[in-house]
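What follows draws every value from the coordinates through simple rules; no lab data is involved. No experiment lies behind these values; they were computed from the predicted model shown. Methodologically, a virtual Cβ is constructed for each residue, glycine included, from the backbone with ideal geometry; neighbour enumeration extends over all protein chains shown.
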Amino acid sequence: MIPNGNGGFIGVSSETKPAAAGSGAKFTEIDTQTDYLYNGSAWINMGNISGTNIKEYGSIIRTGPWVAIASLSGGTTLGSGTCFAMTIRNASGNNLMSVGGVSGLSPFSGAGLLLFGGESYEARVSNINQVRLFAYTSGQFASFTALDT
């Protein structure tokens, strides 16, 4: 088994998949052409890969009004709705925001993925309400789009 340089691994089906992989890591079995995705606790079989390009797309684009993000510990949720991916954008000219999850993974000052003004972040989640934002300057706006099938 060898790292593929993108946070994932390439190996053969007889090898044990790494137990300490990061959530979202991919393992490709070169002998069976099967991809596995690590969800943070288990490797999930994503099926066989053919010689064609595989694109992930949705039939519904969800949006919502711009959300004023508070500087409250735990962050602000952007809304709710099913999805398989979403893009969050910190409006241009804004101060820093932190992106995090819910419960014990919520963002606060000094925790979460930093998102500078004008930057975007794509999250692979099943519902918009699984992402929260913390603003270093309360009241600044963020927006999102989410893809659903």
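Tell me yes or no: at least one residue of segment 62-71 is within 29 Å of residue 38 (Cβ to Cβ), under 15 Å from the mean Cα position of the chain (by Cα) and crowded, with 17+ Cβ neighbours inside 10 Å.
So far as segment 62-71 goes, no, none of its residues is within 29 Å of residue 38 (Cβ to Cβ), under 15 Å from the mean Cα position of the chain (by Cα) and crowded, with 17+ Cβ neighbours inside 10 Å.
Do the conditions hold for residue 129, that is, is it surrounded by 13 or more Cβ atoms within 10 Å (Cβ to Cβ), over 20 Å from residue 24 (Cα atoms), out of contact with any Cys (no Cβ under 6 Å at 6 or more places or on another chain) and not basic (Lys, Arg)? No, not satisfied.
If you filter segment 72-124 down to residues that are charged (D, E, K, R) and within 21 Å of residue 25 (Cα to Cα), you find that the one that is surrounded by the most Cβ atoms within 10 Å (Cβ to Cβ) is 124. When residue 125 is tested against the conditions (1) over 30 Å from residue 59 (Cβ atoms); (2) assigned to a loop (DSSP other than H, G, I, E, B); (3) under 15 Å from the mean Cα position of the chain (by Cα), the lone failure is (1). Right, residue 147: without any contact (Cβ under 8 Å) to a residue 24 or more places away in the chain, within 14 Å of the chain's Cα centre (by Cα) and closer than 28 Å to residue 38 by Cα or not? So residue 147 fails the test.
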